[in-house]
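We did not get these values from a lab; they are worked out from the coordinates using the rules stated. Not measured: the values here are computed from a predicted model. Cβ atoms come from the backbone with ideal geometry, glycine included; neighbour counts cover every protein chain shown.
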Amino acid sequence: MMRTSPSTLPGIDALWPLCLEIAAQRRSGRTAPPDAPSPVAWSAARGFALQGLWDDEALELFDLLKPVLDRPPAGTPWAIGQLGQSLDGCVATHGGDSNYVNGPEMLVHLHRLRALCDAVVVGAATAAIDNPQLTTRRVPGPHPVRVLLDPALRLPAILRVFCDRQAPTLLACDAGRAAEAAQRVGADQVLGVPGLTRADGSADLRALQAALLRRGLGVLFVEGGGVTVSRFIEQGCLDRLHLSIAPVIIGAGRPGLQLPRSTAMRDCLRPPGRVFRMGADVLWDLDLRAAMPGQRA
Ligand SMILES: NC(=O)c1ccc[n+]([C@@H]2O[C@H](COP(=O)([O-])OP(=O)(O)OC[C@H]3O[C@@H](n4cnc5c(N)ncnc54)[C@H](OP(=O)(O)O)[C@@H]3O)[C@@H](O)[C@H]2O)c1
């Protein structure tokens, strides 16, 4: 692989279909070694590698997406989270406005991650406030299954994801409340998760991952908000985190990461990370699994 700049070299337009093809192959369970589409090579030691000459943008995009492409084979749960935050650590204003914390480059990146993952997961507050579509309309590629984590069954049936039929939608709640949820949004849009609601009322995210895996949804993109991404990290259910920081100060807004208090700096989580520029934003690609290797059961 050589890094050069002339614009005659293949770029992102040529690379992106290859990334989609790799994701589709991994989804179908073809692995070790996969039928890597030319000009991509695969080895057990190094994962996927681009061959030949590409422009700088394509090389950087491949570098950024490589951990998602190199994820474990189908059948093993794997999750990447994202938060787009301000310089002062907020993902939205106090009232919940988050349109937009980040620049347009980051929005395209989110749609790419949706296209490469089996399902996109958001918390009930994000679903209620943003009324998002959670599709891949900014890039070519398949829509993920849309999963709304709503243990308290507070989401209304009028949300776009329940009505637009652009992609499958699943309201995830405890199996004990699945019938109630089905009355609201239809049985085909409910995922009743056995053991989701724990004694303290919080959601058991390993139970959620196991239920999604049983439906063939092993690769999750946890898109927000702050509470949901934080709970995934706290329960050891997030492998990677894309944390992008925008040059904006929100002030007393909705916080991003909200994790238990640390006592000493030596005990704090220091995940290995790489830094990418995304327009005016800075994206940290953080390897959470390397920072807490013992967490996955
Ligand atoms: N900048 C960004 O990248 C970004 C991305 C997404 C969203 N947002 C913004 O973030 C805001 C919402 O974020 P948020 O942090 O307030 O909330 P959130 O993470 O969207 O949703 C939190 C809610 O989801 C349910 N939930 C999630 N994990 C749970 C668990 N482990 N156990 C039990 N319940 C769980 C709970 O619902 P109940 O309270 O009903 O029990 C919880 O209150 C919105 O303003 C949205 O616009 C920003």
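In the condition set (1) within 12 Å of the ligand (Cβ to nearest atom); (2) in contact with a helix residue (DSSP H, G or I) (Cβ under 9 Å, 6 or more places away or on another chain), Met106 is compliant with all but (2). When Arg266, Arg289 are checked against the criterion of being more than 19 Å from Gly103 (Cα to Cα), part of a helix (DSSP H, G or I), under 17 Å from the mean Cα position of the chain (by Cα) and more than 13 Å from the ligand (Cβ to nearest atom), Arg289 stands alone in meeting it.
Applying a threshold of 7 Å to beta carbon distances and a minimum spacing of six or more residues, or different chains, the list of pairs starting in region 183-212 at a residue that is over 19 Å from Val229 (Cβ atoms) and ending at one that is loosely packed, with under 14 Cβ neighbours inside 10 Å and of a type outside the set (Phe, Trp, Tyr) reads Arg184/Ala157; Val185/Ala157. Can we say Gly201 is in contact with a Cys (Cβ under 6 Å, 6 or more places away or on another chain) and of a type outside the set (A, V, I, L, M)? It is false that Gly201 is in contact with a Cys (Cβ under 6 Å, 6 or more places away or on another chain) and of a type outside the set (A, V, I, L, M). In the set (1) outside any loop (DSSP other than H, G, I, E, B); (2) in contact with a Gly (Cβ under 8 Å, 6 or more places away or on another chain); (3) within 8 Å of the ligand (Cβ to nearest atom); (4) not polar (S, T, N, Q), the condition left unmet by Ala127 is number (2).
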